[in-house]
1. Filter the stretch 55-97 down to residues that are within 10 Å of the chain's Cα centre (by Cα) and not in a helix (DSSP H, G or I) and give me whichever is nearest to V33 (Cα to Cα).
2. Restricting the stretch 47-84 to residues that are near the ligand (Cβ under 7 Å from one of its atoms) and of a type in the set (S, T, Y), which is surrounded by the fewest Cβ atoms within 10 Å (Cβ to Cβ)?
3. From the residues in the stretch 85-110 that are surrounded by 13 or more Cβ atoms within 10 Å (Cβ to Cβ) and of a type outside the set (A, V, I, L, M), which one is farthest from the ligand (Cβ to nearest atom)?
Amino acid sequence: MKRIVMSAFAGAVLLASAPAFADDAAHGKAVFVEKGCYACHGYEGQGGVGLKLANPPLPAVVIATYIRNPTGEMPPFTSKEISDADIRDIAAYLVTVPKPPKLADIPLLN
Ligand code: HEC
């Protein structure tokens, strides 16, 4: 009984916070595309020329630290180009990227 009450509570919290979270993630995805991150990191942050950023998702602080002072091939992005709030939204978007299926779950490969 206690468990049911707890999960109902968790569900209510999730529902209550869902719209704001979805907006942040949607905006983060828009920034990710608009600023060209997708061109090197893939639309879902799956990696390409650039590293994988999702699955597991990188936290905003790691993204902010790197994009302001990249040390390799990546161009820098100043806070005028991408605000800290936009970076938090990008991080929120990366959290929503679904995990790829396991190979064992793809019938064609078995
Ligand atoms: C021109 C290609 C290119 C673009 C555009 C680009 N990146 Fe990158 N990114 C890279 C490459 C390549 C690396 C690997 C390190 C390096 O060479 O700088 C990287 C590394 C990173 C890292 C470090 C990852 C880690 O695991 O340490 C983060 C975070 C990152 N990019 C975020 C972004 C974001 C956010 C954007 C958009 C604002 C973006 N990048 C745009 C090419 C790109």
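Bear in mind that the values in this text are calculations on the coordinates, not laboratory data. Computed from a predicted structure; not experimentally measured. Positions of Cβ are backbone-derived with ideal geometry, glycine not excepted, and every protein chain shown enters the neighbour counts.
1. V97
2. To start, the set of residues in the stretch 47-84 that are near the ligand (Cβ under 7 Å from one of its atoms) comprises 49-51, 53, 58, 62-63, 66-67, 70-75, 77, 82.
With of a type in the set (S, T, Y) added as a condition, the list becomes 66, 71.
Details: Y66: 17, T71: 7.
Taking the candidates together, the pick is T71.
3. By that ranking, first place goes to T96.
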